[in-house]
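A short worksheet on the structure shown next.
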Amino acid sequence: MTDPARNLEDPAQDLRQPLFGNPLFNAEAHRTTTIPDAVRRARWIAVDINAEGFGLFFTPPSPERPILWPCFDSSYPAVSSETILVAGEDRPELVRHIRASSVPLWWAEEPAIGASEHFGKLAWTTRMPEALVPEMAGIAFPVHTERGRCGLVVFLGFEINLTPDSLFDIHARCFSLFEAVARIRPGEGAKYPMISKRELECLKLTANGYTSEEIARFLKLSVHTANQYLTNTTQKLDAVNRMHAVAKALRLGLIE
């Protein structure tokens, strides 16, 4: 049984190489993919493990910003309330774990006693000290690309069904999915008005976790101007808020 007290940052727990040798990863990772294709693939995985929801997240390149940015979730093209919870907090231990290890993480709060017992029987997993989504059970698979990008594929549900044998297969499919998403290049940009270089700079800094005040200071702008650039970009991407704008920009390959 998994020891809940294991350190999330222990790289000795990383058994990443078997995943890259998995035929599913090698066969699917380099296929041309669109975001709707990726959502369908994630939904197939969720169905196979009896998950109620899912989400794919990127870690920002800036190491001092311990946050997660959503790319899509099971409510695509909208953004679910669960995703907003996951992305709305600084998560230093989780981000460090994602960058150092591929060990899957799970959580199960009361009343998810059955889920806790189920996840606890899975070898090569670690229990998270805090739930990603309160009052919900779930499992999160750290994923990486050959070019160094990192992220997390999350599945939610009280009745998730994983066996020790299927755990590696599901994780390999998550690796393949993330690699395919990371290779997506702008393909839908023509649907949106032209976004200026300055607007994209502000949006990319937002994706890295910087506030309007920090962006203004970094780009030598007034706070009002920085906010205006971000407002313009949010409107041009037909997003409901800045986080949604960042998620859309990541989907379109406008920022990395």
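Here is the size of the stretch 148-256 from its Cα atoms: Rg then Dmax, 17.6, 55 Å.
Quick one: ranking 93, 179, 159 by accessible area, 1.4 Å probe, largest first, what do you get?
Working: 93 90, 179 0, 159 120 Å².
Output order, biggest surface exposure first: 159, 93, 179.
With 15 Å as the cut-off, how large is the P(r) tail for the stretch 194-251, expressed as percent of Cα-Cα pairs? That tail contains 36 percent of the Cα-Cα pairs. Rounded to the nearest 20 debye, the dipole size of the stretch 123-240 about its Cα centre is 660 debye, using +1 on the Cβ of Lys and Arg and -1 on the Cβ of Asp and Glu.
Could you compute the FRET efficiency for residue 183 and residue 223, with r as their C-beta to C-beta distance and R0 at 35 Å, rounded to 0.05? Before the final figure, lay out each step's value.
Values: r = 36 Å, r/R0 = 1.03.
That pair, residue 183 with residue 223, gives E of 0.45.
Computed over the stretch 73-129, the P(r) curve from all C-alpha pair distances, binned at 10 Å from the origin, holds 19, 38, 40, 3 percent per bin.
Modelled spin-label separation between residue 213 and residue 240, with each label point placed 7 Å from Cα along the Cα-to-Cβ direction: 2.8 nm. Scaling against 2.2 N^0.38 Å puts the C-alpha radius of gyration of the stretch 32-189 at 0.97.
Evaluate the charge dipole of the stretch 97-174 about its Cα centre and quote only its size in Debye, nearest 20, assuming +1 on the Cβ of each Lys and Arg and -1 on the Cβ of each Asp and Glu.
Values: 6 positive and 9 negative charges, 93 e Å.
Using only the charged Cβ atoms, the result is roughly 440 debye.
In the complete set of protein chains, residue-level accessible area for residue 75 is approximately 50 Å², probe 1.4 angstrom. Multiplying the residue separation of residue 85 and residue 147 by 0.36 nm and subtracting their alpha-carbon distance yields 19.5 nm.
Just how much of residue 238 is accessible, in Å², when a 1.4 Å probe is used and the result is rounded to the nearest 10? We get 110 Å² for residue 238.
The values are calculated or read from the model by the stated rules, or taken from the named source; none is laboratory data. As the structure is a prediction and not an experimental result, all values here were calculated from the model. Heads up, the Cβs are rebuilt from the backbone with ideal geometry, glycines too, and the neighbour counts pull from every protein chain shown. Ligands, DNA and RNA are excluded from the accessible area calculation, which covers all protein heavy atoms including side chains. Shrake-Rupley method; radii C 1.70, N 1.55, O 1.52, S 1.80 Å.
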